[in-house]
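Chemist: Dropping a structure here in structure tokens format, bear with me for questions.
What follows draws every value from the coordinates through simple rules; no lab data is involved. Predicted model only: the values in this text are computed from it and were never measured. Positions of Cβ are backbone-derived with ideal geometry, glycine not excepted, and every protein chain shown enters the neighbour counts.
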Amino acid sequence: MQIESEWLQQQIDSLVVISEEPAPVVTRILFSDADLRAREHVRRLCHDLQLKVTEDAVGNIFARWPGSDPELPPIATGSHIDAIPNAGRYDGVVGVLGALAALRALRASNFSPRHSIELIVFTSEEPTRFGIGCLGSRLISGALEPEHALALTDVDGNSLRRWLEAIYGGEPTLRSVAKPKGCYAGFVELHIEQGPLLDRAGIEIGVVESIAAPATLRVQITGEGGHAGAVLMSDRHDALLAGAEIALSVEQAARESHSRDAVATTGVFRIQPGAVNSVPFRADLEIDIRDTNLSARDATLEKIQTEITTICHRRRVSAATVILNQDAPAVCDPALVKILEQSAASLGFSSLRMVSRAYHDALFMAQISPTAMIFIPCRDGISHRPDEFASTEAIRRGTQLLAEVLRKLAA
Ligand SMILES: [Zn+2]
């Protein structure tokens, strides 16, 4: 099987310009013009390959190569094409366009699958618009209630329900998105590592054994505004200062955790009214907490919640906190992991078993299907930045391995 790596690199590069900002910056936030155009672009590529393309009510795209035995559950692969603000060109995209290149190689080799093979392009893996990641795969797995999902709101107060009405028309219902356990015989996601281990060690393939458990906390702090000259210091209820103390306590909670993999980040911090001569009356924070160990992660989360209460009480401001998600880690399917490892060896690629510290759609697919992931190295482990880079050769290897595994699973 020959992967057309030049074609693949061209496809990756041509998606870069479908962005809300000029190249090399990639910004494709859910439902932005760039996101909608990128979906259309990928749908066209799927049509070109004569795949049967369908879309569910939340915009997950399914492109199917029908197998010779329609009774068998399909084998799935895929990832996402949405991107956080100021991102690079490889995160997610390699798993979508790489899957297309793998299918092209399988076609060219005259392979005829018994199981159908399905490429899934998941809606909103990134949490930018609604503060919750893996929206599409979460709904597919049933981990998110449809009514809860429809009520999610973005920073402008627009709900997912409203967005879906505007884009697809009609009364949105997400009941049909969830899929039953066992509907796929396997799911394999190809992705850049987004960490430095493979690049540093000069290892060609990462075989993911487990995926870390993320939790997201949204905090809305309400204090009291006023004139920056007139309100005396002793009378202040400054929402920003409470938020600042909370952000520091978030850092401390992760640093003091006994778990080596504990990380916590205050990634969103917005204040109102945002005027130099006005005391901030409102601060909105979003906090991301992760660990490979569920109980350690929950302990960090609990500690942060206690600190929020203490700080806000002392600073005489109020805080409303919402846990947007509190997910369990995923363990990859041992049989699939073995197949990946053996296939990598048979192709002559060095490989390493590893933990995914970033979460992926595979985290949720693991709830309904045997799941595994292929990591490829990215330079210095840099990701979520415009200078994110994976070499054409690294991408070719990952794609070749994906094609090989799909061939084995679908035969
Ligand atoms: Zn990703």
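Chemist: Give me the aspartates and glutamates in straight-line cross-link reach of residue 52: C-alpha distance below 18 Å, same-chain residues under 8 apart excluded.
Modeler: Partners found: 40, 69, 71, 118.
Chemist: How do 193, 71, 147 rank when sorted from fewest to most other Cβ atoms within 10 Å of their own Cβ?
Modeler: Details: 193 26, 71 7, 147 11.
In increasing order of surrounding Cβ atoms, one gets 71, 147, 193.
Chemist: Which residue, 56, 33, 48, has the most motion in a Gaussian network model of the chain that connects Cα atoms within less than 10 Å?
Modeler: Maximum fluctuation in the GNM of the chain, among the listed residues, is at 48.
Chemist: Please report the projected area of region 214-326's Cα convex hull averaged over all directions, in nm². Provide the component values of the computation, followed by the final result.
Modeler: Values: hull surface 26.3 nm².
Mean orientational projected area (region 214-326, Cα hull): 6.6 nm².
Chemist: Please list the equivalent ellipsoid semi-axes of the chain, computed as the square roots of five times the alpha-carbon gyration tensor eigenvalues, in descending order and whole angstrom. Present the calculation step by step, with values, prior to reporting the outcome.
Modeler: On the way: eigenvalues 317, 104, 78 Å².
Largest first, the chain gives 40, 23, 20 Å.
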